1. Across peptide A:125-135, what mean number of C-beta atoms from other chains lies inside 10 Å of a residue's C-beta?
2. Excluding same-chain residues fewer than 8 positions from residue A:64, which lysines have a Cα within less than 28 Å of its Cα?
3. Roughly how many Å² is the accessible area per residue of the range A:35-75, as a whole number, for a 1.4 Å probe?
4. Take peptides A:179-189, A:133-143 and line them up by average Cβ neighbours within 10 Å, highest first, as a rough protection proxy.
5. Using the Kirkwood radius over Cα pairs, work out the Stokes-Einstein diffusion coefficient for the range B:38-164 at 4 °C and 1.567 mPa s, in µm²/s as a whole number.
6. Which percent of the accessible area of the range B:125-262 is formed by carbon and sulfur heavy atoms (probe 1.4 angstrom)?
7. Per residue, how many Å² of accessible area does the range B:24-113 show with a 1.4 Å probe?
8. Over all residues in A:237-245, what is the mean tally of Cβ atoms on other chains that come within 10 Å of each residue's Cβ?
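The values are calculated or read from the model by the stated rules, or taken from the named source; none is laboratory data. The structure displayed is predicted, hence computed values, not measured ones. Cβ placement follows ideal geometry from the backbone for every residue including glycine, while neighbour counts extend to all protein chains displayed. Remember, those area values only see protein heavy atoms, side chains included, never the ligands or the DNA or RNA. Shrake-Rupley method; radii C 1.70, N 1.55, O 1.52, S 1.80 Å.
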Amino acid sequence: MATTVTRAAEDATAVTYAARVEHVSKSFPAPGTPGGQQLVLDDITLDVAPGEFVTLLGASGCGKSTLLNLVAGLDLPSAGSIGTDGRPALMFQEHALFPWLTAGKNVELALRLRGVAKPERRQEAERLLELVRLQGSYRKRVHELSGGMRQRVALARALAQDSRLLLMDEPFAALDAITRDVLHDELTRIWQETGVSVLFVTHNVREAVRLAGRVVLLSSRPGRIAREWTVGIPQPRRIEDSAVAELSAEITEELRGEIRRHGRH
Amino acid sequence: MADTDTGARTDASPAAGVPRDAHALAGLEAGLDALDTVRTPRTPLRETLVRKVLPPVGAVALVLVVWQLLVWAGVAPAYKLPAPSAVWGEVRVAWLEGTLLDYIWTSVSRGLLGFLMALALGTPLGLLVARVRFVRAALGPLLSGLQSLPSVAWVPPAVIWLGLNDSMMYAVILLGAVPSITNGLVAGIDQIPPLFLRAGRTLGATGARGAWHIVMPAALPGYLAGLKQGWAFSWRSLMAAEIIASSPDLGIGLGQLLENGRNNSSMSQVFLAIFLILIVGIAIDLLAFSPLERWVLRGRGLLVTR
Ligand SMILES: Nc1ncnc2c1ncn2[C@@H]1O[C@H](COP(=O)(O)OP(=O)(O)O)[C@@H](O)[C@H]1O
Ligand SMILES: [Mg+2]
């Protein structure tokens, strides 16, 4: 089947999406059976509008990371097509900062690889660190930073790519609840300030509802889009808000149903 | 309880959009950062002296005392076991004649130049072996094998091919050191967490830029270990070459000094040469490689203070 991957910004036509995923499937070679294929993603169609915040929700192993890697261009789909507005930035669950560089130099490397001229890099890196409230941490080494600070530097580095689309793969899953809560507030603020589009992967229902304008639920084995919710609660929200809790309860019920189906074989 | 930013709120309104006080948020964040930040203070100089310098100095002193006692006890005649003072006498004579530094410099300059050549050859070779599957399949086992071949075995063929000259010394050094440097770099590259490579790719570091910005710095600890071993092999190979292939045209290095001592039946000169070879090897490691390695590891938070 034909597959195409477009980086729309390379041609001059205006695009109306930050990411467009059309009928995408992905199979991996199945372990054990020679020649066998394991279908991980099945016919996924999903648009992320410019400036939209979408969370992709699903049980562990349902193919969320696989889909994000496809959108990031780190892997090719088995079928279907993927288009993005320019090259997206990607943030991982592990901070993925380079330990041989300081916090500031990690951000500067992204600027440098983007082609920012040397005299402006330092200033721009300081500005981005300030955006994630890490002014004064320019010279800190990665191992001297706390888990939350590392993820904020990683966010600053991702923002340094100046992409119109930010992909985030469970970036706060390894953090404690209070730090995660603070980072939710920061991410919402930065999303509002920069107008970047975000595709955010999580298995945490509350987190999905806390952050997103739209929640997309993936089923497991194979991953299909099970249902979508538009979240009307105005930002900034709190994870403890009753409206967040109510919608979370509804989505959790749906997710449980999806998981339960797999027990009935 | 005081009103905290993380305390649960029971606000029923769907427009619970009371913006969290930005100032309070920044304060909370600063508190979290301060609580959870790791500090790695450098050990004070005095402590380093007591814990790192004193023990080896003590060990050397002990060896000297035992040596002197053995001489006094007369366990062996002087032509087999010279007294420490006799060896010290050799040092003084060589120093006063001005030849001591010549011996050392002849060997060290050869060793370092050979090592630099091995570095220039071994590094690109390592990158090739690590990154190109076909090259790895072809050369990988060969390089591992060469690493365990004592480089003294290369001296006879090198003499036949190149004659008794400096090129032959360099050839032996290269054959000894290049496999270590190459294998060190390959091991360093193989141990790079795949996450770094993926992160580099999403940032746009591919091809040569990926090699320069991501692969080489990420592989640096393994590469340095290879360099360190490469230097040790350079030095050993050179000494083997100098001892076996001495010729008046080559100038007197430490290996020739040792061989001359044997020919002159001067055990104190033999001892002098052995000590100098040992000291140079230790000094280069202590002054160049160990600080470099510690600096790299400390910068990455990989140095555990014991
Ligand atoms: N490179 C790969 N090769 C083979 N199987 C893979 C690969 N990557 C992911 N998978 C499989 O795809 C499924 C989905 O994985 P993943 O996308 O990581 O899930 P999630 O991120 O939702 O937890 C898993 O069953 C996993 O085993
Ligand atoms: Mg995942």
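1. 1
2. The qualifying lysines are A:26.
3. 31
4. Numbers: A:179-189: 20.8, A:133-143: 17.2.
The peptides rank, most packed first, as A:179-189, A:133-143.
5. Answer from the Stokes-Einstein relation: 62 µm²/s.
6. Details: 4040 of 6010 Å².
Carbon-and-sulfur percentage of accessible area, whole number: 67.
7. Numbers: 6370 Å² over 90 residues.
Here the per-residue accessible area is 71 Å².
8. Values: counts 5, 9, 2, 7, 10, 7, 6, 2, 0.
Per residue, the number of nearby Cβ atoms from other chains is 5 on average.
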